[in-house]
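Colleague: Can you read through this structure? Questions will come right after.
The values are calculated or read from the model by the stated rules, or taken from the named source; none is laboratory data. Just so it is clear, the model here is predicted, and its values are computed rather than measured. No Cβ is skipped: glycine too gets one built from the backbone with ideal geometry, and neighbour counts run over all protein chains shown. Side chains included, ligands, DNA and RNA excluded: accessible areas come from the protein's heavy atoms. Shrake-Rupley method; radii C 1.70, N 1.55, O 1.52, S 1.80 Å.
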Amino acid sequence: GTAFACSDPDLEHIFAVGLRTVDLCAFDAYVDCPTREQRAWTGDAVVHQMVDLAANPDWSMARWHPQLTAVSRADGMVPMAVASDFAFEDRTMIPDWSLHWVRSVHNLWRYTGDRELIAALLPVAERTIRWFETYRNADGLLDGVSGWTLIDWASVYSSGCSSALNALWARALEDLADLAGWLGNDGTAAWARARYAEVRAAFDAFWDDGRDRYVDHLVDGERQVVAAQHGGAAALAAGLVPADRLDRMITRLTDRSRLLRHSWVMDTATVEQANSGQAYLAFGYPEPDWDVDEQMVACEPFFRYVLHDGLARAGRADLLVEQCRDWQVFVDAGETSWPENWNGGTRCHGWSSTPTRDLIVHVLGITPAEPGFGSIRVAPALGGLEWARATVPSPHGPITVEARADGTVEVDSPVPVVRP
């Protein structure tokens, strides 16, 4: 019952491949891939879930994943993967994966408005977010967080005080405040908002004003030079960037002439690189082998959902049509499902399917205006497309939106429509 069409056949194809990829990675749980691992990773599946909520009339898996993974460790952190050998071994955890899990609970709140389900998941979300308290500096920033801080397979430096991790925590604090406030837990909501304000006030420690970008990390309080897209992307998604800085920061963040795709861990061009990658996971990355003054490491497909959400939150959803066209490189290479990375990894990875969600949520701008789709918000940002049209699911029945470049928008909806 879901459909998407637009004036660019390439984007229509990209949309369809994303649907197929998520479908292939949905067994009795969302798994990272249908071949190599088949593990239900706690953080990976936030993208699978968002694709299903936006484009699949059956939300059973989207509802199930956050429940399946809501298994707190003794310390309050959610595990990095469940329904797998990793869950049994509990060899380590990925702190940032818990923050993507909190986002998946927030997604459920917005789309389903299921009070009983959110109330059951809220205590787990609060415990995992409060787990980070131990690592707060005097300024409110997280420093020296234990576990495996993955962020993305791109070469992002996260030792010490990580900009991307702090921004993801800030976004999760916002999410927790929304959930707790909606359920009437005013104490938790107030605590989360206060912690968020501290991160926002201190986040300028990562800002490099001379180069219009947020650096990857601080080490012993000193700002390092290297900067990937990730810190800035997460800062945008969390609303941490001052309004007077947005234009130049976004210009720098999206300057393709100065972006490079680089992964110390997952670029499988040679056996030596793959073997070195395992050591880097344990002992940290070597010194950059690119021009850190001029170049930024680009997000791999997974973290692009954070970048795209950040651009949309900053009012630049018009940039996302062009961002989604980056997936054409896979089509041109003959792929029929989305690979794990731009270069390397498995050939079918659900976490790479962000464009399918984006073409509905950001390009056509179809989102719940209140929890459970009591009303919908329609805010198209066609980004150069002549027209786009979609039929999408809601608890009240299908919603159809058609938008054209001349500003015409036609909506067929069973619930009231809110226009910005």
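Colleague: Taking the chain as a Gaussian network, Cα atoms linked when under 10 Å apart, which of 158, 257, 98 shows the biggest mean-square fluctuation?
Modeller: 257
Colleague: Per 0.36 nm of contour for each residue apart, how much would the distance between residue 204 and residue 329 grow if the chain were fully extended, relative to their Cα-Cα spacing? Mind showing how you got there, number by number?
Modeller: Values: separation 125, 0.36 × 125 = 45.00 nm, distance 3.54 nm.
Contour length minus Cα-Cα distance gives 41.5 nm.
Colleague: Counting only protein heavy atoms, what percent of the accessible surface of the chain is carbon or sulfur at a 1.4 Å probe?
Modeller: Working: 7620 of 15760 Å².
On the chain, the fraction of accessible area on carbon and sulfur atoms equals 48 percent.
Colleague: Over the Cα atoms of region 374-420, how large are the radius of gyration and the largest Cα-Cα distance (Dmax), in Å?
Modeller: Cα only, region 374-420: 10.8, 31 Å (Rg, Dmax).
Colleague: With N set to the number of residues, divide the alpha-carbon radius of gyration of region 233-387 by 2.2 N^0.38 Å and report two decimals.
Modeller: Working: Rg = 17.5 Å, N = 155, 2.2 N^0.38 = 15.0 Å.
With N residues counted in region 233-387, Rg over 2.2 N^0.38 Å equals 1.17.
Colleague: A further question on this structure: Mind putting a number on the dipole of the chain about its Cα centre? Charges go on the C-beta only, +1 for Lys and Arg and -1 for Asp and Glu, and I need it in Debye to the nearest 20.
Modeller: Working: 35 positive and 59 negative charges, 166 e Å.
Once rounded to the nearest 20, the dipole reads 800 debye.
Colleague: Quick check on the chain: helices-only [θ] at 222 nm, where DSSP H runs of length 4 and up contribute -39,500 (n - 2.57) each and the sum goes over total residues. Nearest 500, please.
Modeller: Numbers: 15 runs with 167 residues, N = 420.
Counting only the DSSP helices, I get -12000 deg cm²/dmol.
Colleague: Moving to a separate point now. Based on Cα positions only, what radius of gyration and what Dmax would you give for the chain, in angstroms?
Modeller: 20.2, 58
Colleague: Full extension from residue 219 to residue 64: what is 0.36 nm times the residue separation minus their Cα-Cα distance, to one decimal in nm?
Modeller: Values: separation 155, 0.36 × 155 = 55.80 nm, distance 3.93 nm.
That pair, residue 219 and residue 64, stretches by 51.9 nm at full extension.
Colleague: Still on this structure, please answer the following. So for region 1-127, considering every pair of alpha-carbon atoms, how many percent are separated by more than 22 Å?
Modeller: On the way: 3018 of 8001 pairs.
Counting pairs separated by more than 22 Å, the tail of P(r) holds 38 percent.
Colleague: Once label points are set 7 Å from the Cα along Cα→Cβ at both residue 279 and residue 211, what is their separation, rounded to one decimal in nm?
Modeller: Those two pseudo-labels are separated by 2.6 nm.
Colleague: How large is the direction-averaged shadow of the alpha-carbon convex hull of region 294-348, in nm²?
Modeller: Details: hull surface 18.4 nm².
Reported value for the Cα convex hull: 4.6 nm².
Colleague: Right, another one. Could you give the accessible area per residue of the chain, probe 1.4 Å, as a whole number in Å²?
Modeller: On the way: 15760 Å² over 420 residues.
Result: 38 Å² per residue.
Colleague: What share of all Cα pairs of region 127-268, in percent, falls into each consecutive 10 Å distance bin?
Modeller: The percentages, shortest bin first, are 12, 41, 33, 13, 2.
Colleague: Among all helices in the chain defined by DSSP H, which have a length of 27 Å or more along the axis from Cα atoms plus a Kyte-Doolittle mean of at least 1.0?
Modeller: Span-like helices in the chain: none at all.
Colleague: Something else: How many nm separate the modelled label positions at residue 396 and residue 410, each set 7 Å beyond the Cα in the direction of the Cβ?
Modeller: Simple spin-label model gives 2.1 nm for this pair.
Colleague: Let me ask another. For the residue pair residue 418 and residue 190, what label-to-label distance in nm results when each label sits 7 Å from Cα along the Cα-to-beta-carbon direction?
Modeller: Here the answer is 2.6 nm between the modelled labels.
Colleague: May I pose another question? Can you tell me which of 47, 105, 219 moves the most in a GNM of the chain? Springs connect C-alpha atoms under 10 Å apart.
Modeller: The residue with the greatest mean-square fluctuation here is 219.
Colleague: Given +1 on the Cβ of Lys and Arg, -1 on the Cβ of Asp and Glu, and no further charges, what dipole in debye does region 301-420 carry about its Cα centre, rounded to the nearest 20?
Modeller: 240 debye
Colleague: Moving on. Report the residue, chosen from 315, 210, 160, that carries the largest GNM mean-square fluctuation when the chain is represented by alpha-carbon nodes joined by springs under 10 Å.
Modeller: Of 315, 210, 160, the Gaussian network model singles out 210 as fluctuating most.
Colleague: Compute the length gained on full extension between residue 244 and residue 287: take 0.36 nm times their separation in residues and subtract their Cα-Cα distance, giving the result in nm to one decimal.
Modeller: In short, 12.2 nm is gained.
Colleague: For region 72-157, what ratio Rg/Rh do Cα atoms give with a Kirkwood hydrodynamic radius?
Modeller: Working: Rg = 14.2 Å, Rh = 14.3 Å.
Answer for region 72-157: 1.00.
Colleague: Still on this structure: Where does each of 408, 134, 254 land when they are ordered by accessible area, with a 1.4 Å probe and the largest first? Show your work: numbers first, answer last.
Modeller: Numbers: 408 60, 134 110, 254 35 Å².
Heavy-atom accessible area, descending, gives 134, 408, 254.
Colleague: Another one. Measuring from centroid to centroid over Cα atoms, what is the spacing of region 112-178 and region 318-386 in Å?
Modeller: Cα centroid of region 112-178 versus Cα centroid of region 318-386: 25 Å apart.
Colleague: Now, a different point. Provide the three semi-axes, in whole Å and in decreasing order, of the ellipsoid equivalent to region 110-210 as defined by the square roots of 5 times the Cα gyration tensor eigenvalues. Write down the numbers at each step before the final one.
Modeller: Details: eigenvalues 142, 47, 32 Å².
Listed largest to smallest, the semi-axes of region 110-210 are 27, 15, 13 Å.
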